[in-house]
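K.L.:
Have a look at the structure that comes next, please.
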Amino acid sequence: MNFLKLVLVNLGRNKRRTFLTTMSVMVALFLFCALGGVLDTLNAAIEVGSETRLVSRNAISLIFPMPLSYRERIAATPGVSNVTIQNWFGGQDPKDPRNFFAQFAVDGKTFFPIYASDMEIVDASPPQMQVAMPSGMDPKLASYMMERTACVVGEKLMLKNKWKLGQTITLAGTIYPGEWPLTIRAVYRAKNKSFGDETMFFHWDYLSEKGMGGSGSVGVYVLQLSAPDQAADIARKIDATFQNSSAATRTESERAFQAGFVSMYGNLPFVIRVIGLAVAFAILLVAANTMVMAIRERTNEFGVLKTLGFEDGTVFRMVLIEAAAITLIGGSIGAIGAKLLIENSGFNAGGMLPPMSVHWRTVGTGIGVALLVGAVSGLIPAWQASKLRIVDALRRVN
Amino acid sequence: MAIPLSYNLRNVFQRPVSTLTTALGVGLTVAIFIGALALASGFQAALIKSGSSDNAMALRKGAGSEISSGISRDQANILRALPGVATGSDGRPLVSADLVVVTNKPRLGQPGSSNITVRGIDPGSLGLRPQIKIVSGRMFAPGTDEVIVGERIAKRFENCGIGERIRFQQRDFTVVGHFTGDGASFESEIWGDNAVLMPALQRDNTFQSVTFRLKDPASFAALEKQLEADPRLGIQLRRESEFYSSQSELLGNIIRFMGVFITVIMAVGAVFGAMNTMYAAVGARTREIATLLVLGFTPLSVMLSFMIESVILALFGGLIGCLLALPINGIVTSTTNFSSFSELAFAFRVTPQALIAGLVFAALMGLVGGFLPSLRAARQPLAKSLRES
């Protein structure tokens with residue numbers, strides 16, 4: 001009889017037990033890979049943003065603004081080709097304060113050209129009249145550019161809130177008090193996944209005038225470089241320029257800037273790893289328990305097999321493969337299921353993180369863990385079965 | 001008639017290996033469950049302990065946190081002079097206009113940086129927050145560039161040791177003491193004199209909050225109405241305790257949600273494991289159960305008996321889970337509280353409620369896992385079972 005067929009028949013012998021064990025391995029591996037996905041996503045969040053763009057912020061912390069007057073001086077630094085400004089707005093949907101999404105006040109003339117490689121405009125209100133657009137800017141943004149209180153909204157955010165083009169959304173300011181009506185004039189789609197489709201952009205001029213009394217403080221400056229290979233030098237030069245002014249700056253690559261947010265999660269990755277280990281250990285216990293039961297119940301049978309001439313090594317391998325088959329099948333379904341389910345859910349912590357993803361590497365690790373668990377859980381029962389003496393095995397009564 | 005409990009107890013310990021593996025599986029799930037609860041309650045405790053219900057706190061209208069609030073010096077002076085403010089033993093009013101600034105500092109011992117809250121207080125306002133105790137060094141001297149650092153972050157960030165110099169904007173400050181605050185979020189802050197910190201941090205004449213002790217805590221509602229209607233102020237008044245618990249809501253809920261999500265999935269796996277064990281237990285005792293039925297025990301009492309056995313098994317696992325989770329009590333961890341946008345260090349708190357919740361959770365797993373196998377036990381075809389060898 002074929003060796004593998006024998007293993008299969010044995011698996012089908014107590015279908016319920018095989019099914020339950022497979023299910024529990026599946027569920028555990030689903031969780032294992034989901035947790036791995038969180039780590040993958042955190043790692044991906046470190047790699048968001050370009051290495052060749054620089055971000056200048058106030059050296060004390062992001063919360064402190066910088067004067068608008070820095071803009072000219074930064075733009076005059078050799079190697080800097082374009083500068084744009086951004087402020088975190090922190091508005092709330094007054095109808096549902098829990099419905100969090102990010103809003104930035106940006107300088108459209110420079111912001112959209114600089115980020116043209118990251119986003120595209122997919123839908124926009126037609127402009128009232130023809131206007132000349134700055135170079136490098138999508139002509140579809142004309143209607144947005146002409147209206148003071150217009151905003152550009154990400155495709156997914158539109159969908160989530162069931163907003164329509166031309167609709168006016170009123171936000172309540174938490175940092176800049178008051179009511180802020182904003183009319184959706186364009187919809188964008190991210191060209192790379194990490195840019196995110198759930199942000200709202202509106203005119204910085206509007207914020208400055210209404211929220212800061214025209215004093216104009218800037219949250220961050222984003223710099224496009226003509227000489228990206230000298231990024232580090234340029235950053236140092238800019239920080240030196242403002243070293244002794246009222247607001248010292250800290251300039252770093254956009255990627256390093258984004259990575260700073262991830263480091264704020266503190267010990268979270270460690271906690272996730274600990275839980276992952278606990279999950280793996282728990283499935284080991286379930287699988288081991290099943291194998292011990294399966295072997296105990298078949299003691300007589302092993303006696304018969306050995307009488308028929310099956311060698312110790314063959315019996316050992318048979319039990320081991322049986323254990324590994326259960327965990328491999330359950331584990332593969334769970335791991336691949338985690339990838340499919342989580343990536344399709346599109347969960348992204350309200351736009352704070354790139355969309356959740358589970359890398360194939362994590363899926364592979366999960367299946368590897370499942371196989372390892374199978375092997376370890378089968379080891380002792382397999383050893384017992386192979387060492388069994390025929391006389392003892394046949395004499396034993398259940 | 002019910003089957004005696006000792007029958008189940010003996011059975012559970014008759015098969016030590018399978019009992020132990022199943023119980024450990026349940027135990028690990030319970031341990032993670034308790035761990036998540038301990039994390040959430042530790043985090044919330046740190047914030048709730050910060051606030052006293054005898055203190056009132058004024059923030060700008062519409063501001064959800066201190067960093068988005070602003071109160072001018074004039075407004076602060078109006079509040080300082082309120083007749084409803086209690087006075088301390090030295091006869092001065094118990095009030096502090098706090099300057100709250102978030103500053104980014106490199107971590108100690110691990111790469112990256114995080115935000116710390118720097119709080120400038122009225123010197124002499126410590127009576128307002130009696131939980132603050134200097135544990136090493138001394139209090140900062142008013143009017144000098146001295147600061148004290150919360151003990152929990154002193155070991156987590158650079159330049160926070162006593163005698164070290166820490167730079168804010170263009171000025172260096174000297175750390176002269178470390179303080180504790182009964183586990184409150186204040187322990188994750190740096191405190192100094194607001195009169196010195198304000199110009200150093202370029203916050204011209206704007207405080208973030210004004211906190212004062214109420215002469216009569218019951219007068220809060222009346223005072224709230226009076227102050228919020230005052231057009232000179234434009235503030236909202238909240239009880240300090242209420243404010244701090246609202247600061248913990250968002251992250252506390254996220255931690256709880258994550259914890260429940262993870263443990264529910266783990267529980268499904270553990271229930272499958274328990275079902276396996278109970279099916280095996282029922283299967284191995286086919287004749288025994290048939291005998292019980294023949295003796296006159298009703299199918300219902302047989303079923304109940306097996307359910308109880310399953311619950312005993314799971315509770316044993318729950319106990320293991322509690323034991324596994326206990327050592328994490330008091331371990332300090334940290335994360336960024338997005339309400340204050342700065343690092344908050346806090347200790348896991350394994351509360352008795354969390355332990356009880358863990359045990360209930362375990363019992364529930366036992367009930368669910370034991371239901372089908374018990375049903376099978378009760379519905380045995382008698383003649384066939386007795387005939388089997």
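Coordinate-derived values only; no laboratory data. Fair warning: this is a prediction, and the values are worked out from it, not measured in the lab. Cβ placement follows ideal geometry from the backbone for every residue including glycine, while neighbour counts extend to all protein chains displayed.
K.L.:
In whole angstrom, note down how far apart the Cα centers of the range B:53-131 and the range A:154-184 are.
P.N.:
Here the two parts' Cα centres lie 33 Å apart.
K.L.:
Now a separate question. How high is the relative contact order of chain A, in percent, with contacts defined as C-alpha pairs under 8 Å that are six or more residues apart?
P.N.:
The value is 29 percent.
K.L.:
With only Lys, Arg, Asp and Glu charged, each at its Cβ (+1 for the first two, -1 for the last two), find how big the charge dipole of chain B is about the Cα centre; round to the nearest 20 debye.
P.N.:
1180 debye
K.L.:
Helix hunt in chain B: which complete DSSP H runs extend at least 30 Å axially by C-alpha with mean Kyte-Doolittle at least -1.0?
P.N.:
B:16-48, B:240-284, B:299-325, B:352-378
K.L.:
For chain B, with the dipole built from +1 on Lys and Arg beta-carbon atoms and -1 on Asp and Glu ones, taken about the Cα centre, which of B:Gly120, B:Ala274, B:Leu319 lies farthest toward the positive end?
P.N.:
Going by the charge dipole, the pick is B:Ala274.
K.L.:
Regarding the protein assembly as shown, what's the average projected area of the Cα-atom convex hull, expressed in nm²?
P.N.:
42.7 nm²
K.L.:
Quick one: 3J(HN,Hα) in Hz for the range A:104-118, Karplus 6.51/-1.76/1.60 with θ = phi - 60°, rounded, Gly and Pro as x.
P.N.:
Values per residue, Gly and Pro as x: 10, 8, 10, 8, x, 4, 9, 4, 5, x, 5, 9, 4, 7, 9 Hz.
K.L.:
Defining a contact as two alpha carbons under 8 Å apart and six or more residues distant in sequence, what relative contact order in percent does the range A:77-118 show? Write out the running numbers ahead of the final one.
P.N.:
Values: 33 pairs, mean separation 18.2, N = 42.
With pairs under 8 Å counted, the relative contact order is 43 percent.
K.L.:
Just the projected area, averaged over all directions, of the convex hull on the alpha carbon atoms of the range B:89-167: how many nm²?
P.N.:
Mean projected area for the range B:89-167: 5.9 nm², to one decimal.
K.L.:
While we're looking at this one, here's another question. What's the exposure ranking of A:Leu29, A:Leu225, going from fewest to most Cβ atoms within 10 Å? Spell out each step's value before the answer.
P.N.:
Details: A:Leu29 30, A:Leu225 20.
Listed from fewest to most nearby Cβ atoms, that is A:Leu225, A:Leu29.
K.L.:
Further question on the same structure: Along the charge dipole of the protein assembly as shown, which of A:Ala105, B:Thr29, A:Ala59 sits closest to the positive end, that is, farthest toward it, with unit charges on the beta carbon of Lys, Arg, Asp and Glu (+1, +1, -1, -1)?
P.N.:
Selected residue: B:Thr29.
K.L.:
Would you mind working out the magnitude of the charge dipole of the range A:42-112 relative to its Cα centre, with +1 at each Lys and Arg C-beta and -1 at each Asp and Glu C-beta, to the nearest 20 Debye? If you can, show how the numbers build up before the last one.
P.N.:
Details: 7 positive and 6 negative charges, 32 e Å.
For this selection, approximately 160 debye.
K.L.:
Local charge sum around B:Leu39 (other residues, Cβ-Cβ under 13 Å, Lys/Arg +1, Asp/Glu -1)?
P.N.:
With Lys, Arg at +1 and Asp, Glu at -1, the net is +2.
K.L.:
Turning to a different aspect of this structure: Add -39500 (n - 2.57) for each DSSP H run of 4 or more in chain A, then divide by its residues: what number comes out at 222 nm, to the nearest 500 deg cm²/dmol?
P.N.:
Details: 14 runs with 202 residues, N = 398.
Helix contribution divided over all residues of chain A: -16500 deg cm²/dmol.
K.L.:
Can you compute the helix-only [θ] at 222 nm over chain B? Use -39500 (n - 2.57) per DSSP H run of at least 4 residues, normalise by all residues, nearest 500 deg cm²/dmol. Don't skip to the end; give the middle numbers.
P.N.:
Working: 11 runs with 187 residues, N = 389.
That calculation yields -16000 deg cm²/dmol at 222 nm.
K.L.:
Under the definition of partner shielding as Cβ atoms of other protein chains within 10 Å of a residue Cβ, what is the mean value for peptide B:105-111?
P.N.:
Working: counts 2, 0, 2, 0, 0, 3, 2.
Per residue, the average neighbour count from other chains is 1.
K.L.:
Considering the options A:Gln224, A:Gly49, A:Gly303, tell which one lies farthest towards the positive end of the dipole of chain A, charges being +1 on Lys and Arg and -1 on Asp and Glu at the Cβ, about the Cα centre.
P.N.:
It is A:Gly303.
K.L.:
What size of dipole, in debye to the nearest 20, comes out for the range A:65-151 about its Cα centre when the only charges are +1 on Lys and Arg C-beta atoms and -1 on Asp and Glu C-beta atoms?
P.N.:
Using Cβ point charges on Lys, Arg, Asp and Glu, the range A:65-151 gives about 260 debye.
K.L.:
Between the range A:1-25 and the range B:242-282, what's the alpha-carbon centroid distance in Å?
P.N.:
30 Å
K.L.:
Compute the signed sum of charges (Lys and Arg +1, Asp and Glu -1) over the other residues within less than 12 Å, Cβ to Cβ, of A:Ala259.
P.N.:
Numbers: positive: A:Arg255; negative: A:Glu47, A:Glu51, A:Glu252, A:Glu254.
Cβ neighbours under 12 Å give a net charge of -3.
K.L.:
Over chain B, calculate the relative contact order: mean separation of alpha carbon pairs under 8 Å at least 6 apart, over the residue count, as a percent.
P.N.:
Details: 767 pairs, mean separation 115.3, N = 389.
Relative contact order of chain B: 30 percent.
K.L.:
Same structure again: For B:Lys61, A:Lys95, A:Lys160, what's the fewest-to-most ordering of other Cβ within 10 Å of each Cβ? Kindly include the intermediate steps, with their values, before the conclusion.
P.N.:
Values: B:Lys61 12, A:Lys95 9, A:Lys160 16.
Ranked by crowding around the Cβ, least crowded first: A:Lys95, B:Lys61, A:Lys160.
K.L.:
Next up: Can you put B:Glu189, A:Glu343, B:Glu146 in order of Cβ neighbours within 10 angstrom, beginning with the fewest?
P.N.:
Lowest to highest Cβ neighbour count: A:Glu343, B:Glu146, B:Glu189.
K.L.:
Right, next: What's the center-to-center distance, using Cα atoms, between the range B:147-182 and the range A:211-285 in Å?
P.N.:
23 Å
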